[in-house]
1. Just name the residue that is farthest from Val186 (Cα to Cα) out of those in region 115-141 that are among the charged types (D, E, K, R) and loosely packed, with under 14 Cβ neighbours inside 10 Å.
2. Take the residues in region 104-128 that are in a strand (DSSP E or B) and touching a helix residue (DSSP H, G or I) at 6+ places or on another chain (Cβ under 6 Å); name whichever of them is farthest from His63 (Cα to Cα).
3. When region 208-229 is examined, which residues are found to be of a type in the set (A, V, I, L, M, F, W, C) and surrounded by 23 or more Cβ atoms within 10 Å (Cβ to Cβ)?
4. Here is a check on your reading of the model: is Ala271 under 17 Å from Ala107 (Cα atoms), small (Gly, Ala, Ser) and either over 24 Å from the mean Cα position of the chain (by Cα) or at pLDDT 95 or above (or both)?
5. (1) among the charged types (D, E, K, R); (2) more than 16 Å from Ala107 (Cβ to Cβ); (3) touching a residue at least 24 places away in the same chain (Cβ under 8 Å): which one isn't true of Asp243, the others all being true?
6. Condition (residue is aromatic (Phe, Trp, Tyr) and within 20 Å of Val159 (Cβ to Cβ)) applied to region 20-31: is it met by at least one residue?
7. Go through (1) outside any helix (DSSP H, G or I); (2) without any contact (Cβ under 8 Å) to a residue 12 or more places away in the chain; (3) of a type in the set (A, V, I, L, M) one by one and return the number of the condition Ala152 breaks.
Amino acid sequence: MHSIVGGTPAYRREFVASDVPSGPDDFDSWVLRTVLNSQVPLFREARYLLAEETEIRDPALYHATLGAIAAGRNTRGGIADHIGRKSPDIGHPLSVLEDAQLIAHEADPFRKGRSAHYISEPLIAFYEAVMRREWTRLERGDPAGAWRNAQATFFSQVVGPHFESLCREWALDAGDGTFSDWPGLVAAGVVPDTANRTQIQVDVAVLGPEAPGEPQRVLSLGEAKWGKIMTPGHTRRLRRARDLLAVKGYDTSTTRLTGYSGAGFDDDLRAEARQDDLVQLVGLDTLCA
């Protein structure tokens, strides 16, 4: 529910007549009777948010830009490629959307000059990833068909990224006992692995406060999975990222390898965490505490 309406009180109450799911089994029904119900104000709210911005002259371009970000194409070049434009052509739309606080960008802590854009308002991310693609079905009065068709997209492009952002918020607010020091920066990042010709995505990178003349400390490298049970394979990727960062001059002597999961951890990973103090598992019970 939070991945759709976020923390906006009006979207959770006034716009849906205080209708909330009674439990996990009621979630699909709640989606159909609220956000995908054309008789409920929440149905068109995302479109109104964009229409209210007076600087938007070409709605199709802005929707395409938001759609690209919702699809995971969050670098400027990736967005441009996705919508068939040149990179300089989308500079103004990105600025307008950022000024309107509909999107934001975050610098990559491991690649200077690189940044990623993300949608700030969950309802817009849901609209672009799910509703706009299924608009024909929704207008024909088939919300159940639209929702059924959008399930995989919802979990991969809405719930997954939203869970990752919540994990970063949790890490930023964590005390000094969680990562051996207070976080100075929390962000998502990419660690290039040139030897294997690949890149390692780090969902929750926690860096310590910068100290002049000292290497940047990496307090934690984390991977977040909403719907998958995590295994030792996930920590192996994080170990590889830690080793690569150490070669680059980062201080990884106390780097914790943190797994964030909404589905849980298998027995092998739990055993690994018991044997290695630098492996840390964070489940929903911890995140929601």
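1. Here is the first cut: in region 115-141, the ones among the charged types (D, E, K, R) are 121, 128, 132-134, 137, 139-140.
From what is left, the residues that are loosely packed, with under 14 Cβ neighbours inside 10 Å are 139-140.
Details: Glu139: 41, Arg140: 44 Å.
Step by step, filter region 115-141, then rank; the result is Arg140.
2. Going residue by residue through region 104-128, those that are in a strand (DSSP E or B) are 104-107, 115-119.
Adding the requirement that they be touching a helix residue (DSSP H, G or I) at 6+ places or on another chain (Cβ under 6 Å) leaves 117, 119.
Numbers: His117: 14, Ile119: 12 Å.
In this case the residue turns out to be His117.
3. Filtering region 208-229 for residues of a type in the set (A, V, I, L, M, F, W, C) gives 211, 218-219, 221, 224, 226, 229.
If the condition is that a residue be of a type in the set (A, V, I, L, M, F, W, C) and surrounded by 23 or more Cβ atoms within 10 Å (Cβ to Cβ), then Val218, Leu219, Leu221, Ala224 are the ones that fit.
4. Working: under 17 Å from Ala107 (Cα atoms): no; small (Gly, Ala, Ser): yes; either over 24 Å from the mean Cα position of the chain (by Cα) or at pLDDT 95 or above (or both): yes.
Judged against the criteria, Ala271 is not a match.
5. Against the list (1) among the charged types (D, E, K, R); (2) more than 16 Å from Ala107 (Cβ to Cβ); (3) touching a residue at least 24 places away in the same chain (Cβ under 8 Å), Asp243 comes up short only on (3).
6. Kept after step one, since they are aromatic (Phe, Trp, Tyr), are these residues of region 20-31: 27, 30.
Now restrict to residues that are within 20 Å of Val159 (Cβ to Cβ): 27, 30.
Checked against the condition, which is being aromatic (Phe, Trp, Tyr) and within 20 Å of Val159 (Cβ to Cβ), region 20-31 yields at least one hit.
7. Answer for Ala152: the failing condition is (1).
The values are calculated or read from the model by the stated rules, or taken from the named source; none is laboratory data. The structure displayed is predicted, hence computed values, not measured ones. Every residue, glycine among them, receives a Cβ derived from its backbone with ideal geometry; neighbour counts consider all protein chains shown.
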